[in-house]
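Here the structure comes first, spelled out in structure tokens, and everything after it is commentary.
Quick note: the coordinates plus some simple rules give every number you see, no bench work behind them. This one's a predicted model, so the numbers in the text were calculated from it and none came from an experiment. So basically every Cβ, Gly included, is an ideal-geometry build from the backbone, and we count neighbours across all protein chains shown.
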Amino acid sequence: MSKTVAIRGTFLDFIDDPWHHVGAEEKAARFFADGLLVIEDGRIKAFGAYKDLSARYAGVETSHLIHRLILPGFIDGHIHVPQTRILGAFGRQLLGWLQFSVFPEELKYKDRSYAQEGTRRFFDNLLAAGTTTCQAFTCTFPVATDVFFEEASRRNLRVIGGLTGIDRNAPPEFMDSAENFYCDSKRLIGQYHKQGRNLYAITPRFAAGASSALLSASSRLLKEHPDCWVNTHVSENPSEIRTVRTEYPECDDYLGVYEKYDLVGPRFSGGHGIWLSNDEFARLSRLGAAVVFCPLSNLFLGSGLFRLGRATDPACRVRIAFGTDMGGGNRFSMINVLDDAYKVGMCNNTRLDGSVDPTFQDTAEAERNKLSPYRAFWSITLGGAEALYLDDNLGNFDEGKEADFVVLDWNGGPPATAWHQSLVAENGGPQTLGQAAELLFGIMMVGDDRAVAETWVMGQRLYKRN
Ligand SMILES: [Zn+2]
């Protein structure tokens with residue numbers, strides 16, 4: 001028998017890309033000060049103004065969430081499950097950090113019970129941050145990927161993940177052969193891909209850690225399973241990029257390595273993309289592939305400043321998801337991601353060394369760098385879903401989509417937050433879309449993940465803040 005429930009409250013979601021509406025971004029959003037979301041068996045059956053829908057659904061059990069702003073669940077496009085315990089490691093950039101902090105911890109995920117504990121904590125943290133979907137890296141050992149999908153299934157979360165292959169530039173005990181990567185990935189795809197809400201990503205860790213054999217194995221897997229995702233890293237750190245150029249001298253640039261193995265297309269995403277050339281951005285755009293912008297990590301590891309304004313150039317728009325890259329990112333929260341993303345945008349391509357990118361002379365690009373609350377929250381909901389080709393099921397409150405959402409308390413954060421937010425929401429809550437957007441900007445810049453009051457997945461509440 002089907003089960004129908006409803007949520008009454010203040011809702012905001014997106015129906016279009018705000019970068020398409022410069023000067024009128026509110027056209028991309030949808031707002032109901034008093035709205036109703038009707039959910040049948042975990043999917044959205046109806047969404048609209050309470051006054052329009054309440055009579056039709058009068059008999060339905062309804063939760064009324066007052067003094068809250070309800071958005072679609074956040075989507076984290078790039079995160080590492082086995083780094084849950086080592087986020088916030090002091091003092092090294094990417095390659096040193098991998099050797100000294102990451103590989104030793106990820107090695108522990110060979111052990112099923114350790115992997116289970118780490119993965120449980122991983123999902124607890126995600127839900128507490130309002131993130132209902134992630135695209136995740138696991139590690140070299142297949143059991144960690146089994147545990148990831150088992151735990152996601154137990155919570156009925158929509159996730160993308162995959163065995164994370166590395167066969168170069170790591171300690172011998174941490175690497176595995178291309179052949180094992182192929183066989184183990186094949187088994188895992190058969191077991192988990194499209195089972196329940198699980199989706200599989202063929203995941204060579206990064207070109208600097210992948211031999212030609214490992215990338216060929218990835219290519220073969222994709223040919224055999226063309227409906228899988230492909231997840232990796234691209235152009236993150238200057239030393240890493242030099243390594244890739246040395247290992248693949250026949251390729252013109254970093255993206256060219258993945259192109260050589262036919263991995264770049266729809267459902268491909270590369271984390272970071274900080275140092276991508278204009279030509280690489282144009283190729284990503286043409287191929288329908290995505291970059292995942294991870295500002296927490298890019299600043300924490302000192303990797304550089306992503307060119308958001310370039311990636312959103314309407315002449316060659318690249319699909320962009322946002323991600324924490326936890327533990328390269330030092331938080332689980334997509335709200336913290338927006339905080340840092342805004343600041344990266346404001347730097348207007350001033351490099352970390354103080355020089356200015358010579359290609360950056362375009363004031364339109366500077367304008368596109370600015371992360372308004374519309375652009376910000378679109379990017380971690382519908383925009384992320386579109387970038388990762390999940391928007392048939394996720395991203396907004398359209399009828400038929402899966403009912404994953406986050407319930408925000410705009411006063412959540414340090415004590416200064418509530419007084420700041422009272423500039424807008426003195427009389428109980430936002431009455432207009434403009435007010436809601438101002439509150440959202442306050443949440444991302446003045447509040448923090450304490451703004452997440454509740455997280456719901458397929459119409460069920462899985463997290464409530466104490
Ligand atoms: Zn990463």
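Estimated from the Cβ-Cβ distance and a Förster radius of 45 angstrom, the FRET efficiency linking Glu426 and Gln93 is about 0.45. Largest first, the three principal axis extents of the alpha carbons in the range 255-308 are 32, 19, 17 Å in whole numbers.
Entry for the range 397-466 at q = 0.13, 0.14 Å⁻¹: log10 I(q)/I(0) = -0.42, -0.48, Debye formula applied to identical alpha-carbon scatterers, no solvent contribution.
Compared with the direct C-alpha span, the chain from Asn466 to Asp227 gains 82.0 nm at full extension, assuming 0.36 nm per residue. Taking other C-beta atoms within 10 angstrom as a stand-in for reagent exposure, Ser269, Ser54 fall in the order Ser54, Ser269, fewest first. Here the residues Glu173, Glu105, Glu402, Glu250, ranked from fewest to most Cβ neighbours within 10 Å of their Cβ, fall in the order Glu250, Glu173, Glu105, Glu402. Tell me the chymotrypsin sites (Phe, Trp or Tyr not before Pro) within the range 95-173 that lie in a loop according to DSSP and have at most 16 other beta-carbon atoms within 10 Å. Filter output for the range 95-173: empty list. Packing, as the average of other Cβ atoms within 10 Å across residues, places the peptides 151-159, 198-206, 21-29 in the order 198-206, 151-159, 21-29, highest first.
Centroid-to-centroid, using Cα positions, the range 195-259 and the range 273-351 are 18 Å apart. Nearest 10 degrees, 0 to 90: what angle lies between the long axis of helix 212-224 and the longest principal axis of the chain (Cα atoms)? That works out to roughly 50 degrees. Put in line by how crowded their Cβ is, counting other Cβ atoms within 10 Å and starting with the fewest, His20, His78 read His20, His78.
Helix 433-445 axis versus longest C-alpha principal axis of the chain: approximately 40°, rounded to the nearest ten. Dividing the convex hull volume of the alpha carbon atoms of the range 74-387 by its residue count gives 115 Å³ per residue.
For Lys186 and Asp111, the difference between the fully extended length at 0.36 nm per residue and the C-alpha to C-alpha distance is 24.9 nm. Let me know the shape class of the range 120-268, please: from the alpha-carbon gyration tensor, a ≥ b ≥ c as square roots of the eigenvalues, rounded when a/c is under 1.5, otherwise prolate if a/b is greater than b/c, or oblate. Because a/c hits 1.5 or more and a/b exceeds b/c, the range 120-268 counts as prolate.
Here the peptides 83-95, 369-381 are ranked by packing, the mean other Cβ count within 10 Å, and the order with the highest first is 369-381, 83-95. For the range 295-312, 3J(HN,Hα) computed residue by residue from phi via the Karplus equation (6.51, -1.76, 1.60; θ = phi - 60°) reads x, 4, 5, 4, 7, 4, 8, x, 7, x, 10, 5, 8, 4, x, 6, 5, 9 Hz, glycine and proline entered as x.
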